[in-house]
Amino acid sequence: MRQLIVCEKTNRWAVALRWALHGSGTRVYETRSWPDCWQAWRNAPDSALALQLRRDNVTDLVRHLTCVREQAPQALIAVLAEREMRACEWLLREAGALHVACSPGDLGPLARLLVRALRDVPPAASPEGLALRARLPWGD
Amino acid sequence: MARTRTAAHQLVRFFEDSACPVYLLDDQRRIVFGNTALTEWVGLPLEQLMGARCDYCAGDDQTRQRVVTSALCPPPEAFQGARSTGRIYCPLPAGAPPHRRAEFLPVATAAADTCGVLAILSPSATPETDERGQADSVSVHALHELLQKLTAELRRPYCLDRLAGSSAAMARVREQIQLATSSQAHTVVLGPPGSHREQVARTIHAGSQPSAAEPLLPLSCPMMDAELLRTTVQAFQRRCDASDATPTILLLDADQLAMEGQMELLSWLRSATCRARLLATARQSLITLAEQKQYSRELAFRLSTLVIELPSLAERREDLPLLCQQLLEEHNARGGQQLSGFTAEALEALTSLPWLGNVRELADVVRDACARAAGTRITLQDLPDRVRTVNQTAAHPARQDEPIVLDQFLAEIEREVIQRALRRARGNKAQAARLLGVPRPRLLRRLTQLGLTEPRLTWRPSEPEEDS
C-alpha cells in the first residue's frame, strides 16, 4: 500500500505532508510515538517513514534509523527537522535518512522523492481482487 | 621595545603558570598561542597546535590533530564579537577528563572588528552548573558534542573484521577493500542483492579509523531525479568546503540512476569544484551497461576505477558456519538471551539452502531462530518454517504443474463477476449490465451461455423471507 507513516508529537508535519502529497494516492498515517510507528511499519513494511527530529531525540533517532535500516536496507526514511536542528542533517543522512526536510513549507522535494519511491508499490487491493488473485493458478 | 617584550613575556608567563588550559586564536581561527596546561590536556605538542586551523565541525577529522582542533574551536558567534561559554569535549588519552568548561572571549580591535578569541578552559562542568543566561549557547554546544559522539558511534560497525569468511573469494574481497581504502580511487562494489554491498562500501570509507573518516553522503540512486541530485550534492559540497574536508559520496544502486541523473553527476564530476571521492554499489557492471548503451560510458569508466565483486553466499558456502556464528554473537551482544551456537542438524539445514537472498536472508533467518530458541543452542526446530519447508521440499520431487483449460477458467471468473454484479444490483439485469460496462443484450446472452439464467444462480436476497 502506498503509505507514509509519520511519527511526530503533533500533527504539524502530517498536515503539510498531506497537502504536499495530495493527488499522489499516498496515504499519510500518523503516529505519536516510536513504538506505535515501529508497529505500523512492521504491519506495512512497504511504507515510507517520516520521523520528526527534536532537540531531545537526536540520539534515539539515529538509533531508530540504524535499526530500521538493519531490518530493511531499502526502507525509505525521511527526517522532519526544525531549522535549529539543521546541523544534524549530514549525520542523519549518513545514518540512512534519504532526505532531511527543514520546513513544513518546503516539502516539494520530499514529496517528489516519496512519489517516485512509492510508485512501484501496488495500491491496496480490494478483497474481491485478492480472492480472485488467490484463485489464479501457478502462484508462488 | 624592551619594555614591550618584558610585558609580553610576563603575559606569557602568567598564562603558563595557569593550571587551566588557555589558548588564543586569530581571526582566521588559527591557534597563535597555547599554554602548557593545554598541551598536557589534549596530549599534543605545542608545535602541532600552533598555526593549526580550528573548524567548528563534527566527524570530518582525519588525524589526532584535527580531532583536537575541531574540538577546541569556539562557536562562530565568538568570532562575531559575542562572549560565550560552553563545554569542550575532547577524546583524550586515558585518565584525563574529556569535558572542560570553556569561556570564549572575543578580542576586538579599535574598529570593533574581532581579531581573535581567547579561550580559557576550566575544570569539567555539567550543563546544570552553567549560567542561566547561557543556556542556549550550552545547548548548541551539547548538540555539537552529541554530533561528534554519534558520528563515531555510527561508523564503528564498519570495519574489515566484520566481513566474516575464510573462503578464497572473501580473502580477495578483503584485499581489494584494503587497496581501495589506501588508494582513495573511485570504487564500484558489485554484488547480488543482499550481499552487503553497502556495508563493504562504508567499510572502505571508514578505513582504518572509522571515527576519523571524512564526511559521507549516501544517495539512493533509484530515487534521485536530476534536480534533487544536484541540490543535495551541491549542499554537501558547500558544507565540506566550509570545513576543508574531502567529501565522499556513496551512490547506492548506481546502476539504477536515471540518465538525467547520470548527466547531472557527470557534469558535476567534470567541474573544477568537484574534489569528492565516489563510492558506488551496483548489481551489474556499469561498464557492461554502458556497452549496452544503457549507461553513460564516461560515468561508468570514471566510477569503475576499482571494481570489487562480492560473491553470492551460494558461492562461498564454506563461510556459512562462521557467518551464522557471527550473526548469533551479534544477537548476544544486544543483551537478552545468550546463545552458544547451532546444533549440527541446524547448521546442515542452513547449509543446504540456496540462499538467493544472500547474507541478508541469512541474517533474517538467524534473527528469527535466535528469537525462537528455548535452549542455549539453535536447533532445527528453532529455524523458521520456510527453512524446514525448503529442506523437506528438496527431499521430495517437485509436483508437475497441473494444466488448465483457459476458456473454461476464464468463463469461471466471468461467471463469478457477473454473479457479484447481479447481487450488487439486487437482480436488476439492466443495472448489473451498467456495473459491468456491457450492453444489456450482451449480459443476457452471457447469462444464457454461462447457464446463469436459472433463478437459483442469479440474485437471491441474503435472508429469504419466510412464508406467512
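The values are calculated or read from the model by the stated rules, or taken from the named source; none is laboratory data. A quick note: this is a predicted structure, and the numbers were derived from the prediction, not measured. Methodologically, a virtual Cβ is constructed for each residue, glycine included, from the backbone with ideal geometry; neighbour enumeration extends over all protein chains shown.
For the range B:152-191, the set of residues classified as within 14 Å of another protein chain (Cβ to nearest Cβ), part of a helix (DSSP H, G or I) and out of contact with any Pro (no Cβ under 9 Å at 6 or more places or on another chain) consists of B:E153, B:R162, listed by residue number. Among the residues examined, B:Q237 does not qualify as assigned to a helix (DSSP H, G or I) and either without any contact (Cβ under 8 Å) to a residue 12 or more places away in the chain or away from every other protein chain (no Cβ under 12 Å) (or both). Screening the range B:246-258 for residues that are surrounded by 21 or more Cβ atoms within 10 Å (Cβ to Cβ) and more than 16 Å from the chain's Cα centre (by Cα) and picking the one that is farthest from the other protein chains (Cβ to nearest Cβ) gives B:D255. All of B:R132, B:R101 fail the test of being at pLDDT 80 or above, among the basic types (K, R) and assigned by TED's automatic domain parsing to the domain that holds B:I31, apart from B:R101. Residues in the range B:232-255: is at least one aromatic (F, W, Y) and farther than 30 Å from B:R66 by Cβ? Scanning the range B:232-255 turns up no residue that is aromatic (F, W, Y) and farther than 30 Å from B:R66 by Cβ.
Hey, any hits in the range A:19-31 for a residue that's farther than 30 Å from B:R367 by Cα, within 12 Å of chain B (Cβ to nearest Cβ) and either surrounded by fewer than 20 Cβ atoms within 10 Å (Cβ to Cβ) or of a type in the set (S, T, N, Q) (or both)? Within the range A:19-31, none of the residues are farther than 30 Å from B:R367 by Cα, within 12 Å of chain B (Cβ to nearest Cβ) and either surrounded by fewer than 20 Cβ atoms within 10 Å (Cβ to Cβ) or of a type in the set (S, T, N, Q) (or both). Being surrounded by 20 or more Cβ atoms within 10 Å (Cβ to Cβ) and closer than 25 Å to B:G191 by Cα is the filter here; which residues of the range B:328-348 pass it? Scanning the range B:328-348 gives a single hit, B:L328.
Tell me, yes or no, whether the range A:14-30 has at least one residue that is touching a Lys or Arg at 6+ places or on another chain (Cβ under 6 Å), free of Cβ contacts under 8 Å to residues at least 60 places away in the same chain and not in a helix (DSSP H, G or I). Looking through the range A:14-30, at least one residue is touching a Lys or Arg at 6+ places or on another chain (Cβ under 6 Å), free of Cβ contacts under 8 Å to residues at least 60 places away in the same chain and not in a helix (DSSP H, G or I). Evaluating B:E198 against the criteria (1) more than 9 Å from chain A (Cβ to nearest Cβ); (2) part of a helix (DSSP H, G or I); (3) at pLDDT 90 or above leaves one unmet condition, (1). Scanning the range B:349-363 for residues that are surrounded by 19 or more Cβ atoms within 10 Å (Cβ to Cβ), in contact (Cβ under 8 Å) with a residue 40 or more places away in the chain and outside any helix (DSSP H, G or I) returns a single hit, B:W355.
In the range B:185-200 there is at least one residue that is surrounded by fewer than 16 Cβ atoms within 10 Å (Cβ to Cβ) and more than 22 Å from A:L65 (Cβ to Cβ). Every test in (1) at pLDDT 75 or above; (2) farther than 18 Å from B:R30 by Cα; (3) of a type in the set (K, R) is passed by B:R53 save one, and that test is (2). Taken together, B:A314, B:A290, B:A300, B:A280 contain a single residue that is out of contact with any helix residue (DSSP H, G or I) (no Cβ under 7 Å at 6 or more places or on another chain) and either assigned by TED's automatic domain parsing to the domain that holds B:P215 or surrounded by fewer than 15 Cβ atoms within 10 Å (Cβ to Cβ) (or both), which is B:A314. For B:A206, the criteria (1) facing another protein chain (nearest Cβ under 10 Å); (2) hydrophobic (A, V, I, L, M, F, W, C); (3) within 17 Å of the chain's Cα centre (by Cα) hold in every case but one, which is (1).
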